[in-house]
Amino acid sequence: MAKESNAKKNKKVSVSPKSTKKASEMANVKKTLKSKDEETKKATIEKARRELHFDKSDGSDEITKLIKIVLIVAAIMLVFYIVTTVVTRKANAIRTVRSAATDKKAEIQYDSLIVGSMLNFDGTYYVLIEKEDDENLSEYQTLLQMIEANEEAPKIYTANLSDSFNSQYLGDEGNYDSDLSNFKVKGTTLVKVSDHNIESAYDNYDDIKGKLEEFE
């Protein structure tokens with residue numbers, strides 16, 4: 001009995017080669033599955049990271065595009081404002097110049113008389129009757145401009161003999177009659193009018209210049 005018992009104890013349990021092979025295959029399968037799971041997880045994480053980065057980049061691109069559009073619109077509005085301002089100022093400047101020219105023209109027309117009506121104003125004033133080819137005419141006109149700055153100077157009108165309405169008053173000899181049907185000048189003449197009558201006349205360079213210089 002004792003021997004039988006010891007024999008049983010010493011007897012080794014034998015393992016089938018097929019069982020060992022199956023166990024090994026199972027271990028390999030589990031290892032493969034585990035490896036695939038890890039690769040899948042890594043791939044999933046990498047994909048998520050790429051998608052997250054894409055979303056951020058896409059959002060950044062959209063913001064950049066929006067900023068560019070805003071800047072372009074702002075630049076167009078600024079250019080439009082500048083052009084509008086320049087055009088408006090230019091139009092106003094032209095309008096001002098034209099208005100000034102019109103006012104000046106009206107003033108010149110008012111100051112330029114027809115000899116036949118030079119006695120129609122009240123008070124005392126002077127009329128410079130100008131002969132167009134007078135070599136001293138520019139000097140007289142310069143004196144008239146200087147006289148305009150003197151508020152105390154008398155009013156001085158002009159009448160040009162080249163005007164068709166005034167040419168009839170040019171003659172060979174001067175006749176300074178207050179009856180204008182007889183009135184004649186032989187050249188540039190400065191006439192003093194007072195109370196609708198011709199008070200005096202200056203018909204040579206020295207006298208005309210001297211009288212005008214008194215009013216500067």
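Checking each residue in the range 161-178 for being within 13 Å of SER117 (Cα to Cα) and touching a strand residue (DSSP E or B) at 6+ places or on another chain (Cβ under 8 Å) picks out ASN166, TYR169, SER178.
Of the listed requirements (1) at pLDDT below 95; (2) touching a Leu at 6+ places or on another chain (Cβ under 7 Å), VAL193 misses just one: (1).
Considering ASN204, ASN150, ASN197, which residue is over 22 Å from ASN120 (Cβ atoms), in contact (Cβ under 8 Å) with a residue 60 or more places away in the chain, out of contact with any Lys or Arg (no Cβ under 6 Å at 6 or more places or on another chain) and among the polar types (S, T, N, Q)? Residue meeting the stated conditions: ASN150. For the structure I just gave you, tell me whether SER117 is at negative phi and at pLDDT below 70. It is false that SER117 is at negative phi and at pLDDT below 70.
The values are calculated or read from the model by the stated rules, or taken from the named source; none is laboratory data. Nothing here was measured: the structure is a model prediction, and the numbers come from that model. No Cβ is skipped: glycine too gets one built from the backbone with ideal geometry, and neighbour counts run over all protein chains shown.
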